[in-house]
Amino acid sequence: MIDFMKLQNGSDIRGVAMEGVAGEEVNLTPEAAGAIGGAFAYWLGFKAGKNPYDLRIAVGHDSRLSAGPLTEALLKGMTMFGAECYDAGLASTPAMFMSTVLPQLDFDGAVMITASHLPWNRNGFKFFTREGGLDKEDITDILKKAAKYNFVGEFYEERESNVLQMYAAYLRQMISLGLKDVPGGLSGMHIVVDAGNGAGGFFAKDVLEPMGADISGSQFLEPDGTFPNHQPNPENDEAMASICKAVLDSKADLGLIFDTDVDRSAAVGPDGKPIARNEAVALAAALAAEDYPGGTVVTDSVTSDQLHDFLEGKLGLKHLRYKRGYRNVINKAREINADGGQAFLAMETSGHAAYTDNFYLDDGAFLAVQIVINAAKLKAEGKDITALLEGLESPAESCEIRFGLEGDDFRALGAKVIEDMEKWVKETSGLELEVPNYEGVRVNYDLDGSKGWFLLRKSLHDPVMPMNIESYEEGGVEKALPLIYGFLKGYEGVVIPE
């Protein structure tokens, strides 16, 4: 029997959808998907104030091998409750949200079948209404309802919708308007795209090439759920090395890389160097800084001090370092704006970037469009996209260390470590708590002439405590680690990596 609540992953649903990996039992079955589809239709009816028979819902998917059976099951489950349902086929996560906004489509709700960059045997669901993605509490409500249903769906009327094609046209329109004063538009621009065999190949073929860009050298554009070339993830070192090499080999003006479902992206300059993580946040902010003077950028908790200095010192913006989790940063930006502020960008270092003028949607293709427009404008001036990052410095060293937590109540152990560390920092020379801080313990250190910071936090779901640490000078991390390890060795159940 499936434990539906174990399928929740924050504001998403994720599970094992295919056999083939030892020790991983399938729990996201078509039967589970059908029950979840029915529960979403029921939930959406109340949300939209409509009878389920008046609802129109679209379902799209990325290139994962399990997409077919799960799509059919979702459609059957929603149809069982009377909703009019459409198969959108291969799509991106942002395109599925936009299917509820674009007047040509005008769906009441949408579902994207994806597990982002997770391995081939995993899959999951993201849900949307016109108000945006669902929150954690909404997913909990849907799963509780799904657990009560006995899925018996046998039929749905075959309906299809060209969501991705409509979305590509929307992106082309943005580029056209953005380059109205640039002679030739994208003609003369050489842009290499790496889709990682996910759903992002359309950006090269259906957005850039029709606008006149040279996309030669682009790679892994064809959907393949085995992901044979590299992990479809802009945070993955192998993936970034691959797109960097492709840009240099092609002598391109710009490189773009997407994750599987295209809600994240990163860029590469013509010098073959990645614009990812802190650099990606800086670029996203720089692209819109003139339109939002003095505005606020909300980021996750692990952004560097150098990024903070760039945002506030170079761009004249405000920077709020908040929590990990793309829904957390987006919801915080919404909260700031609701209180009369101007948080125009919410972005995780993972590449999730949500602008307020794009419905608070974390959309890798929307960010890529802004990058492309500005790259073309800069090329007309004899510059390239890296000109927007002038003045941004990088830490000399940075890494992430993950400490295991053993025992039945690992959450309580993690909370105890965090609580004690705050007291320890106050009593230890060379350490100072970062204030304000919204997640875990962030500490600035000045040890034997080396300065930097570290952040220790609890994982949302797993028995681990990740620690990010950076140093302004080479060798600084090695000076800080013995002190940190010495503190953690006092706790039974905390596993320090070799």
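If you check every pair at least six apart or on different chains, which have Cβ atoms under 7 Å apart with a residue in the range 331-357 that is closer than 15 Å to Leu320 by Cα and hydroxyl-bearing (Ser, Thr, Tyr) first and a residue that is open to solvent by 30 Å² or more (accessible area, probe 1.4 Å) and at pLDDT 95 or above second?
If the second residue must be open to solvent by 30 Å² or more (accessible area, probe 1.4 Å) and at pLDDT 95 or above, the pairs left are Thr349/Arg277.
Only one of these conditions is not met by Arg130: (1) open to solvent by less than 50 Å² (accessible area, probe 1.4 Å); (2) without any contact (Cβ under 8 Å) to a residue 40 or more places away in the chain; (3) of a type in the set (D, E, K, R). Which number is it?
The failed condition is (1).
Just give me the residues in the range 227-248 being acidic (Asp, Glu) and closer than 17 Å to Ala213 by Cα, in sequence order. I'd like the intermediate steps shown before the answer.
Restricting attention to the range 227-248, the residues satisfying the condition of being acidic (Asp, Glu) are 235, 237-238.
None - no residue of the range 227-248 is acidic (Asp, Glu) and closer than 17 Å to Ala213 by Cα, so the list stays empty.
Pick out the one residue from Phe81, Phe97, Phe46 that is touching a Pro at 6+ places or on another chain (Cβ under 9 Å) and among the aromatic types (Phe, Trp, Tyr). Write out each step before concluding.
Values: Phe97 fails: touching a Pro at 6+ places or on another chain (Cβ under 9 Å); Phe46 fails: touching a Pro at 6+ places or on another chain (Cβ under 9 Å).
Matching residue, one of Phe81, Phe97, Phe46: Phe81.
If I go through the range 402-427 residue by residue, how many of them are open to solvent by 30 Å² or more (accessible area, probe 1.4 Å) and within 17 Å of Leu481 (Cα to Cα)?
3
If you check Gly82, Gly89, Gly23, which single one turns out to be out of contact with any strand residue (DSSP E or B) (no Cβ under 9 Å at 6 or more places or on another chain), in contact (Cβ under 8 Å) with a residue 12 or more places away in the chain, surrounded by fewer than 24 Cβ atoms within 10 Å (Cβ to Cβ) and on the phi > 0 side of the Ramachandran plot? Reasoning before the result, please.
Numbers: Gly89 fails: out of contact with any strand residue (DSSP E or B) (no Cβ under 9 Å at 6 or more places or on another chain); Gly23 fails: in contact (Cβ under 8 Å) with a residue 12 or more places away in the chain.
Criteria check complete, one pass: Gly82.
If you scan the range 371-384, which residues turn out to be assigned to a helix (DSSP H, G or I) and either open to solvent by 20 Å² or more (accessible area, probe 1.4 Å) or not β-branched (Val, Ile, Thr) (or both)? Working first, answer last.
Let us first name the residues in the range 371-384 that are assigned to a helix (DSSP H, G or I), namely 371-380.
Scanning the range 371-384 gives Asn374, Ala375, Ala376, Lys377, Leu378, Lys379, Ala380.
Select, from Ser242, Ser216, the only residue that is surrounded by fewer than 22 Cβ atoms within 10 Å (Cβ to Cβ) and under 24 Å from Leu378 (Cα atoms).
Numbers: Ser242 fails: under 24 Å from Leu378 (Cα atoms).
On inspection, the qualifying residue turns out to be Ser216.
Which of the following residues is under 23 Å from the mean Cα position of the chain (by Cα) and assigned to a strand (DSSP E or B): Ala110, Ala95? Break it down stepwise before answering.
Numbers: Ala95 fails: assigned to a strand (DSSP E or B).
The unique qualifying residue is Ala110.
Taking the range 428-450 as the search range and keeping residues that are in contact (Cβ under 8 Å) with a residue 12 or more places away in the chain, outside any strand (DSSP E or B) and among the polar types (S, T, N, Q), which one is surrounded by the fewest Cβ atoms within 10 Å (Cβ to Cβ)?
Our first condition is that a residue be in contact (Cβ under 8 Å) with a residue 12 or more places away in the chain; within the range 428-450, this holds for 428, 430-432, 434, 437-450.
Now drop any that are not outside any strand (DSSP E or B), which leaves 428, 430, 434, 437-440, 448-449.
Next, only the ones that are among the polar types (S, T, N, Q) stay: 428, 437.
Details: Thr428: 14, Asn437: 17.
Filtering the range 428-450 for residues that are in contact (Cβ under 8 Å) with a residue 12 or more places away in the chain, outside any strand (DSSP E or B) and among the polar types (S, T, N, Q), the one surrounded by the fewest Cβ atoms within 10 Å (Cβ to Cβ) comes out as Thr428.
Consider Glu434 carefully, then state whether it is of a type in the set (Asp, Glu), closer than 23 Å to Ala396 by Cβ and modelled with pLDDT of 95 or more. I'd like the intermediate steps shown before the answer.
On the way: of a type in the set (Asp, Glu): yes; closer than 23 Å to Ala396 by Cβ: yes; modelled with pLDDT of 95 or more: yes.
Yes, satisfied.
Identify the single condition in (1) part of a helix (DSSP H, G or I); (2) small (Gly, Ala, Ser); (3) without any contact (Cβ under 8 Å) to a residue 40 or more places away in the chain; (4) crowded, with 23+ Cβ neighbours inside 10 Å that Ala368 does not satisfy, given that it satisfies every other one.
Of everything listed in (1) part of a helix (DSSP H, G or I); (2) small (Gly, Ala, Ser); (3) without any contact (Cβ under 8 Å) to a residue 40 or more places away in the chain; (4) crowded, with 23+ Cβ neighbours inside 10 Å, Ala368 misses just condition (3).
Under 6 Å between Cβ atoms, at least 6 apart or on separate chains: pull out the pairs that start in the range 31-55 with a residue that is over 13 Å from Cys85 (Cβ atoms) and of a type in the set (A, V, I, L, M, F, W, C) and end on any residue that is at pLDDT 95 or above and part of a loop (DSSP other than H, G, I, E, B).
Once the first residue is over 13 Å from Cys85 (Cβ atoms) and of a type in the set (A, V, I, L, M, F, W, C) and sits in the range 31-55, its partners that are at pLDDT 95 or above and part of a loop (DSSP other than H, G, I, E, B) give Ala48/Asp108.
May I ask you to verify whether Asp271 is more than 20 Å from the chain's Cα centre (by Cα), under 14 Å from Ile371 (Cβ atoms) and open to solvent by 30 Å² or more (accessible area, probe 1.4 Å)? Lay out the reasoning, then the answer.
Working: more than 20 Å from the chain's Cα centre (by Cα): yes; under 14 Å from Ile371 (Cβ atoms): no; open to solvent by 30 Å² or more (accessible area, probe 1.4 Å): yes.
Judged against the criteria, Asp271 is not a match.
Considering only the range 451-482, how many residues are more than 19 Å from Met421 (Cα to Cα), open to solvent by less than 10 Å² (accessible area, probe 1.4 Å) and not hydroxyl-bearing (Ser, Thr, Tyr)?
1
For the range 385-427, what are the residues that are part of a helix (DSSP H, G or I) and within 24 Å of the chain's Cα centre (by Cα)? Steps first, please.
Just the residues of the range 385-427 that are part of a helix (DSSP H, G or I), to begin with: 385-389, 410-427.
Residues satisfying the conditions are Ile385, Thr386, Leu388, Leu389.
So which strands (runs of 3 or more DSSP E) are wholly in the range 231-343 and hold at least 2 residues that are within 30 Å of Gly217 (Cα to Cα)?
Working: elements: 254-258, 265-268, 296-299, 318-321.
Those strands (runs of 3 or more DSSP E) span 254-258, 265-268.
For every residue, the table says whether it meets (1) open to solvent by 50 Å² or more (accessible area, probe 1.4 Å); (2) over 30 Å from Arg64 (Cα atoms); (3) not hydrophobic (A, V, I, L, M, F, W, C).
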| position | (1), (2), (3) |
| --- | --- |
| Gly255 | no, no, yes |
| Ser265 | no, no, yes |
| Ile275 | no, no, no |
| Asn278 | no, no, yes |
| Val297 | no, yes, no |
| Arg327 | no, no, yes |
| Lys332 | no, yes, yes |
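Among Leu315, Leu283, Leu320, which is the only one that is open to solvent by 40 Å² or more (accessible area, probe 1.4 Å), in contact (Cβ under 8 Å) with a residue 24 or more places away in the chain and either farther than 17 Å from Glu400 by Cβ or not charged (D, E, K, R) (or both)?
Details: Leu283 fails: open to solvent by 40 Å² or more (accessible area, probe 1.4 Å); Leu320 fails: open to solvent by 40 Å² or more (accessible area, probe 1.4 Å).
One residue alone meets the criteria, Leu315.
Please specify each residue of the range 451-471 satisfying the condition of being assigned to a loop (DSSP other than H, G, I, E, B) and free of Cβ contacts under 8 Å to residues at least 60 places away in the same chain. I'd like the intermediate steps shown before the answer.
If we filter the range 451-471 for residues that are assigned to a loop (DSSP other than H, G, I, E, B), which is where we start, we get 457-463.
Those that are assigned to a loop (DSSP other than H, G, I, E, B) and free of Cβ contacts under 8 Å to residues at least 60 places away in the same chain: Lys458, Ser459, Asp462, Pro463.
The values are calculated or read from the model by the stated rules, or taken from the named source; none is laboratory data. All figures in this text were calculated on a predicted structure; none of them were measured in a lab. Virtual Cβ from ideal backbone geometry, glycine too; neighbours counted across all protein chains shown. Accessible surface is based on the protein model in full, side chains and every heavy atom, while ligands, DNA and RNA are left aside. Shrake-Rupley method; radii C 1.70, N 1.55, O 1.52, S 1.80 Å.
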